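The structure appears right after this line, and notes come after that.
The values are calculated or read from the model by the stated rules, or taken from the named source; none is laboratory data. These figures come from a predicted structure and were not determined experimentally. A quick note on method: Cβ atoms are made from the backbone with ideal geometry, for glycine too, and the neighbour counts reach across all protein chains shown.
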Amino acid sequence: MSEYDLVLRAQRLIGPRGETSGAVAVRDGRIAAVEALDAPLQAARTVDLAADEVLLPGLVDTHVHVNDPGRAEWEGFATATRAAAAGGITTLVDMPLNSLPPTVDTASLEVKRKTAEPKAHIDVGFWGGAIPGNTGELRGLHEAGVFGFKCFLLHSGVDEFPPLDSEQLVEALGELAAHDALMIVHAENSEAIDHAPSAHGEHYRDFLASRPRGAENLAIAQVLELARRIGGRVHILHLSSSDALPMIASAKADGVRVTVETCPHYLSFTAEEVPDGATQFKCCPPIREAANREALWRGLADGTIDCVVSDHSPCTPDLKRLDIGDFGVAWGGVSSLQLGLPAVWTQARLRGHDLSDVVRWMAARTSEIAGLQRKGAIAVGNDADLCVFAPDDAFVVDPEQLEHRNPLSAYQGRALAGRVRSTWLRGQRIDLAEPPRGRLLRRGEA
């Protein structure tokens, strides 16, 4: 009898200590051994990676808006998880808003789980939501297995998920700190944005002026001070303002329990290159200037920014208002779930980073922040979630070839380096023509 179900042999493999070569042995969906490339391992199936391929752990994207149920025409679990699998992602954590109902109590969480379970091609977890009036629901959601709680400090874009004011934020953080639960924050200050010029028209510079860096900086300062005072764990979502990096670094040095993410679009695009009327680039907070982008890269390099996630926030094409190109009325969000790995790798290698860095930002740290204990690394005992990546295989993005629901992407026509050749979930290659095999994850069990 074969000792293992599967062995993958790779001349290049990104392990917890960096790049090496090796043979990864899988038994019962878990990594059972990581040995030398030529180790005599017996398996029912052996796969030898090509010379131009690198074996990575499956990526973990902890910021995805699936919108299902209620707005499944924007995105659904079937299409979102297809796109994720095609992009080397084996685990995603779904945001609590833009679906109906939003995930703000245990009943709505159960609706979300029942919707996702038969459709998921990869493993899926869920964030809960913290909104005015639901403080009493937070403990129940925590015990039901959500990975943390999202809040907004300004209008979220949908009325059913209202923001917390200062007193409500203190109350929610105090409740979560009592259970050591994570609060993840869309940090833009509503008053600062109310006093900024209104978003209007086709000129991107006008939209950028409507979401100033100061709005992010003020909100982040507030969150850091409350985390310092209350002692809770906080996570800053989709950082776009590099001005906030020094105070984040200072807070970390002082022991404040804060982590920070940014997104591929902030690391790839610049405000200067967004064409007039190109509302596919609209997101909140916005894509900023080239100098700001380079500062974000430095923040990643020195560890002030912990991780990179997609913030895949799709909608139907009509809501992007490409017909009139008005940034003031278009829905904000970049659809990029399938493209995060090549987008980040394309830019990272230009700045001297290697694939070990990319894996740390997009698999290891995202897993650690969410508390996913068996994901994000090629290590014995972990789920055998793997990505076969060809880092030098370039392509030009065609939205019609992407798996997410609506063929719209800011990356259209962009040349990217690196192609995902295959994605493996618990030791089985994901075939999108076959029925979904993803599982629903709960905090503490994954």
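Let me confirm something: among Glu403, Glu368, which residue is free of Cβ contacts under 8 Å to residues at least 24 places away in the same chain and out of contact with any strand residue (DSSP E or B) (no Cβ under 6 Å at 6 or more places or on another chain)?
Glu368
Of everything in segment 316-335, what is within 26 Å of Pro96 (Cα to Cα), over 17 Å from the mean Cα position of the chain (by Cα) and assigned to a loop (DSSP other than H, G, I, E, B)? Give them in sequence order.
Of everything in segment 316-335, those that are within 26 Å of Pro96 (Cα to Cα), over 17 Å from the mean Cα position of the chain (by Cα) and assigned to a loop (DSSP other than H, G, I, E, B) turn out to be Thr316, Arg321, Phe327, Gly328, Val329, Ala330, Trp331.
Tally time: how many residues in segment 156-209 are in contact with a Phe, Trp or Tyr (Cβ under 7 Å, 6 or more places away or on another chain) and at pLDDT below 95?
1
Let me confirm something: among Glu53, Glu73, which residue is in contact with a strand residue (DSSP E or B) (Cβ under 8 Å, 6 or more places away or on another chain) and touching a residue at least 24 places away in the same chain (Cβ under 8 Å)?
When all the criteria are applied, what remains is Glu53.
Conditions tested, residue by residue: (1) of a type in the set (S, T, N, Q); (2) not in a helix (DSSP H, G or I).
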residue	(1), (2)
Leu97	no, yes
Ile131	no, yes
Gln168	yes, no
Glu191	no, no
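With respect to Ala244, determine if the residue is in a helix (DSSP H, G or I), touching a strand residue (DSSP E or B) at 6+ places or on another chain (Cβ under 9 Å) and without any contact (Cβ under 8 Å) to a residue 40 or more places away in the chain.
yes
Could you grab me the full set of residues in segment 1-15 that are of a type in the set (Ser, Thr, Tyr) and either surrounded by 19 or more Cβ atoms within 10 Å (Cβ to Cβ) or part of a strand (DSSP E or B) (or both)?
If the condition is that a residue be of a type in the set (Ser, Thr, Tyr) and either surrounded by 19 or more Cβ atoms within 10 Å (Cβ to Cβ) or part of a strand (DSSP E or B) (or both), then Tyr4 is the only one that fits.
Quick one: count up the residues across segment 411-427 that are basic (Lys, Arg) and either farther than 12 Å from Val388 by Cα or without any contact (Cβ under 8 Å) to a residue 12 or more places away in the chain (or both).
Looking only at that region, the number is 2.
From Val223, Val146, grab the single residue that is at pLDDT 95 or above, in the same structural domain as Pro286 (by TED's automatic domain parsing), assigned to a loop (DSSP other than H, G, I, E, B) and touching a strand residue (DSSP E or B) at 6+ places or on another chain (Cβ under 6 Å).
The unique qualifying residue is Val146.
Can you name the residue in segment 214-235 that is within 20 Å of Gly148 (Cα to Cα) and hydrophobic (A, V, I, L, M, F, W, C) and is also surrounded by the fewest Cβ atoms within 10 Å (Cβ to Cβ) among such residues?
Kept after step one, since they are within 20 Å of Gly148 (Cα to Cα), are these residues of segment 214-235: 219-220, 222-235.
If we keep only those that are hydrophobic (A, V, I, L, M, F, W, C) as well, we get 219-220, 223-224, 226-227, 230, 234.
On the way: Ala219: 26, Ile220: 27, Val223: 25, Leu224: 22, Leu226: 22, Ala227: 21, Ile230: 18, Val234: 27.
Here the answer is Ile230.
Of all residues being outside any strand (DSSP E or B) and of a type in the set (Asp, Glu) in segment 41-91, which is farthest from Val124 (Cα to Cα)? Just the residue, please.
Asp52
Is it true that some residue in segment 55-69 is under 29 Å from Ala330 (Cβ atoms) and surrounded by fewer than 24 Cβ atoms within 10 Å (Cβ to Cβ)?
yes
Considering (1) surrounded by fewer than 24 Cβ atoms within 10 Å (Cβ to Cβ); (2) in contact with an Asp or Glu (Cβ under 6 Å, 6 or more places away or on another chain); (3) without any contact (Cβ under 8 Å) to a residue 60 or more places away in the chain; (4) within 27 Å of Glu261 (Cα to Cα), say which one Ala44 fails and leave the rest.
Going through (1) surrounded by fewer than 24 Cβ atoms within 10 Å (Cβ to Cβ); (2) in contact with an Asp or Glu (Cβ under 6 Å, 6 or more places away or on another chain); (3) without any contact (Cβ under 8 Å) to a residue 60 or more places away in the chain; (4) within 27 Å of Glu261 (Cα to Cα) one by one, Ala44 breaks only (4).
Please work out if Leu355 is more than 27 Å from Phe207 (Cα to Cα), modelled with pLDDT of 95 or more and over 20 Å from the mean Cα position of the chain (by Cα).
It is false that Leu355 is more than 27 Å from Phe207 (Cα to Cα), modelled with pLDDT of 95 or more and over 20 Å from the mean Cα position of the chain (by Cα).
From the list Gln338, Gln280, exactly one residue is within 30 Å of Pro407 (Cβ to Cβ), part of a loop (DSSP other than H, G, I, E, B) and touching a strand residue (DSSP E or B) at 6+ places or on another chain (Cβ under 9 Å). Which is it?
Step by step, each of Gln338, Gln280 is checked, and only Gln338 is within 30 Å of Pro407 (Cβ to Cβ), part of a loop (DSSP other than H, G, I, E, B) and touching a strand residue (DSSP E or B) at 6+ places or on another chain (Cβ under 9 Å).
Restricting attention to segment 247-270, report how many residues are closer than 19 Å to Ala348 by Cα and in contact (Cβ under 8 Å) with a residue 60 or more places away in the chain. Explain how you work it out, then say what you get.
Our first condition is that a residue be closer than 19 Å to Ala348 by Cα; within segment 247-270, this holds for 260-270.
Among the residues that remain, those that are also in contact (Cβ under 8 Å) with a residue 60 or more places away in the chain are: 261, 263-265, 267-269.
Matching residues across segment 247-270 total 7.
Which number in (1) surrounded by fewer than 17 Cβ atoms within 10 Å (Cβ to Cβ); (2) charged (D, E, K, R); (3) under 16 Å from the mean Cα position of the chain (by Cα) marks the one condition that Glu261 misses?
Against the list (1) surrounded by fewer than 17 Cβ atoms within 10 Å (Cβ to Cβ); (2) charged (D, E, K, R); (3) under 16 Å from the mean Cα position of the chain (by Cα), Glu261 comes up short only on (1).
Output the residue which, of all residues in segment 122-136 that are of a type outside the set (Val, Ile, Thr) and touching a strand residue (DSSP E or B) at 6+ places or on another chain (Cβ under 8 Å), is farthest from Ile184 (Cα to Cα). Step through it out loud before you land on a result.
The first filter runs over segment 122-136 and keeps only residues of a type outside the set (Val, Ile, Thr), leaving 123, 125-130, 132-134, 136.
Filter once more, keeping what is touching a strand residue (DSSP E or B) at 6+ places or on another chain (Cβ under 8 Å): 123, 125-130.
Working: Asp123: 21, Gly125: 15, Phe126: 13, Trp127: 9, Gly128: 10, Gly129: 9, Ala130: 9 Å.
Restricting to residues being of a type outside the set (Val, Ile, Thr) and touching a strand residue (DSSP E or B) at 6+ places or on another chain (Cβ under 8 Å), the top hit is Asp123.
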